[in-house]
Amino acid sequence: MAEKSIEIIGLTKKYGEYVAVDNLTLSVEKGEIFGLLGPNGAGKSTTILMLLGLTEIDSGSVKVCGIDSSKYPLEVKRKVGYLPEDVGFYTDYTGLQNLMYVARLNNIPIEEAQKTALETLDEVGLTEAKDKKVASYSRGMRQRLGLADVLIKKPKVIILDEPTLGLDPEGVKKFLQLIVDLSRKKGITVLFSSHHLHQVQQLCDRVGIFVKGKLLAEGKISSLAEQLFSKNAHTLEGSVAETEKTSLSMKELAQKMEEMEGVAQVQMHDGRFVITSKKDMSVPVSRLVVNSGYGLHSLSKKEYGLDDIYHQYFQEEKQI
Amino acid sequence: MKSTLLKSGIDRLNTIIKIPSFNFPTNPFRFLRKETAENDRSLVLSPFKAMVQKEITDHITNWRFIILFAIITLACLGTLFSTLSDGMKVLVNNNSENNFFFLNLFTKSDGTLPPYFVFVGFLGPLFGISLGFDAISSEQNRGTLSRILAQPVPRDSILNAKFLAGIIVISLMFFTLSFLVMGSGLIAIGIPPTAEEFMRIIVYTILSIVYVSFWLNLSILFSVRFRQPATSALSGIAVWLFFTIFYPMIANLIIKGYEPSQYASPKAIYFYQKLKFYLVQIMPNELFDEITSAILVPSVRSLGPLTMEQMQGAIPSSLPLGQSILLVWPQFTGLIALTLLCFLLSYILFMKREIRSRG
């Protein structure tokens with residue numbers, strides 16, 4: 001069994017009557033990139049704050065690198081680098097000065113800190129801007145400086161809270177690549193919180209979907225799809241057109257499709273149809289369409305991405 | 001090896017001398033040093049020192065501080081020169097029987113400008129408020145608070161660093177001003193202050209630092225409580241205005257109600273006087289005024305009402321410094337208590353708070 005970097009058991013946090021995090025149990029293994037995915041206000045940030053001991057825990061326990069965060073927050077903070085969403089810097093100071101300050105707060109000897117600061121600035125590609133005041137930094141540069149700020153203390157675990165917010169697509173790509181490289185190279189555990197599906201999909205080994213303080217599902221993206229769509233895991237999309245041989249009306253065709261074994265639902269509109277089913281129905285469906293005298297324009301099997309998983313969860317959430 | 005050692009006596013002697021000289025003076029010292037470097041205390045202190053240093057740098061390079069410092073310096077020097085230009089020589093002559101004319105530099109003026117101590121009493125609170133009103137809220141608004149608190153520093157060290165840096169800056173300023181006034185007075189009058197006068201001025205300076213640090217703490221408390229720096233600055237100024245303008249009015253109203261008639265019993269008059277005295281004792285500025293008068297005017301013998309009995313047999317002379325300090329000890333304690341109260345409240349508010357990145 002691999003070493004656990006983050007272990008959360010039965011974590012609960014309430015704000016008055018409102019339950020922000022509800023009996024959360026989660027563990028992240030060492031060296032893993034874990035994506036915490038959820039809409040705004042789902043309790044992602046609150047969970048992260050509790051990991052760092054920045055807010056009180058109502059019940060449950062949080063352990064980071066085997067240390068209890070609520071009892072020994074300082075020990076945890078020594079090992080964890082945290083990049084808050086919309087990170088702030090002392091704008092009157094240069095990037096290097098900001099880094100040096102953090103290094104001193106971590107009690108790194110000055111000479112060593114200077115060396116590490118320059119190295120990390122180089123790693124995040126800010127060497128040229130190191131002597132400029134942070135006030136003149138662009139959004140992307142600040143975010144990269146934030147990453148340098150996290151890296152300077154040589155953390156074992158990095159927690160990133162919506163780090164790509166406000167970055168342009170190219171910036172996001174570079175930033176994510178940087179994180180992946182660092183994690184793989186140094187074996188750092190990364191907890192990545194976001195509501196951007198695609199970024200999480202690109203980056204993370206495992207994903208936890210977090211809605212209203214609860215972890216709805218957890219696992220690899222592929223296994224999540226299976227978990228979720230086990231009932232009607234297959235979807236066919238296609239379009240048909242009437243020909244002179246057509247023997248059935250569109251409605252009747254739809255009905256026939258629905259009558260087929262394994263089909264759960266058929267939506268037909270203007271010759272376009274979507275079929276959800278328990279098993280792969282592409283062959284019988286196409287046979288039916290052709291036998292009915294329709295021309296089959298297109299038929300495609302749909303692959304599930306995180307998008308669908310996400311939306312599916314929201315649908316379920318609404319129904320509840 | 002052994003045989004060679006035994007062979008020559010000089011060698012033996014050398015080894016005997018060498019061993020203690022090698023072991024004793026250097027090794028234990030190094031050993032201690034190494035241990036202190038790994039000590040827990042130094043681990044906590046070094047980041048704290050960095051924070052205090054940063055705060056002091058921030059204060060000193062801040063325009064707000066520079067402007068206020070310039071105002072206070074100009075006001076004090078203006079007073080000093082107007083006092084020195086003509087009034088001082090008269091004062092020196094008038095007070096020739098009084099040994100403490102050097103203190104007059106701080107307490108008297110020729111009337112065109114208020115004296116030094118009034119400026120300190122008036123601008124000191126403003127100074128304290130301006131140093132602290134955005135201490136925590138600005139960190140929060142810039143989003144740096146969560147970043148700093150994600151570092152392995154205890155949460156209270158932020159408050160402590162802010163407070164300590166403020167006190168250091170205030171002390172620096174007040175000592176500068178006091179010495180400036182003393183120095184220029186020395187040049188102008190040509191008579192050096194006596195040791196007692198010097199000590200009184202130092203004590204006065206220290207007590208004014210305590211006074212300003214009360215206002216500093218109050219404004220830090222507001223900065224913890226209020227997210228908007230403007231709100232916290234205004235609250236600080238509101239408290240200050242309340243104590244300098246409104247509270248005396250309210251106290252007056254209450255006292256008026258208890259005013260005894262001319263023919264009232266001595267007990268009633270005594271009660272009235274006590275009430276008058278105690279009602280103003282919760283005002284920090286009143287406490288400081290009393291401290292100022294007792295320390296800078298050595299002939300002040302009592303701050304509250306005195307009965308004739310207490311006055312009986314008193315020799316009309318000035319008090320020694322020790323007695324003056326004793327006289328203001330309750331006021332001094334009161335100021336410290338108010339300061340600590342503010343500090344305590346900021347602690348309570350800050351320690352349990354949830355630190356979000358912004359807002």
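The values are calculated or read from the model by the stated rules, or taken from the named source; none is laboratory data. Small disclaimer: the values here were computed from a predicted structure and weren't measured. Ideal geometry is used to build each Cβ from the backbone, glycine not excepted, and the neighbour counts take in all protein chains shown. Surface accessibility is based on the protein's heavy atoms, side chains included, excluding ligands, DNA and RNA. Shrake-Rupley method; radii C 1.70, N 1.55, O 1.52, S 1.80 Å.
The table below lists the values:
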quantity: Those strands (runs of 3 or more DSSP E) lying entirely in region A:11-110 with at least 1 residues open to solvent by 50 Å² or more (accessible area, probe 1.4 Å); calculated: A:18-29, A:59-64
quantity: Meets criteria (within 14 Å of another protein chain (Cβ to nearest Cβ) and at pLDDT below 90) for A:N107; calculated: yes
quantity: Positions within region B:180-197 being assigned to a helix (DSSP H, G or I) and exposed (fewer than 14 other Cβ atoms within 10 Å of the Cβ), in sequence order; calculated: B:G183, B:I187, B:A195
quantity: Residue identified as more than 16 Å from the chain's Cα centre (by Cα), open to solvent by 10 Å² or more (accessible area, probe 1.4 Å) and facing chain A (nearest Cβ under 10 Å) among B:R155, B:R147; calculated: B:R155
quantity: Tally of residues being under 21 Å from B:G121 (Cβ atoms) and touching a residue at least 60 places away in the same chain (Cβ under 8 Å) across region B:179-197; calculated: 6
quantity: Total residues in region A:123-167, condition open to solvent by 30 Å² or more (accessible area, probe 1.4 Å) and part of a helix (DSSP H, G or I); calculated: 9
quantity: Residue that is more than 14 Å from every other protein chain (Cβ to nearest Cβ), at pLDDT 80 or above and open to solvent by 70 Å² or more (accessible area, probe 1.4 Å), where the choices are B:I60, B:I71; calculated: B:I71
quantity: Verdict on A:S138 being more than 14 Å from chain B (Cβ to nearest Cβ), among the small types (G, A, S) and farther than 30 Å from A:G16 by Cα; calculated: yes
quantity: First in region B:225-251 and assigned to a loop (DSSP other than H, G, I, E, B), second anywhere and buried (at least 18 other Cβ atoms within 10 Å of the Cβ), Cβ under 6 Å, 6 or more apart; calculated: B:F226/B:S232; B:R227/B:S137
quantity: Matching residues, region B:280-303, being within 17 Å of the chain's Cα centre (by Cα), closer than 12 Å to B:Y247 by Cβ and part of a helix (DSSP H, G or I); calculated: B:P284, B:N285, B:E286
quantity: Residue satisfying condition, being within 30 Å of A:I48 (Cα to Cα), of a type in the set (A, V, I, L, M, F, W, C) and more than 14 Å from chain A (Cβ to nearest Cβ), within set B:F179, B:F163; calculated: B:F163
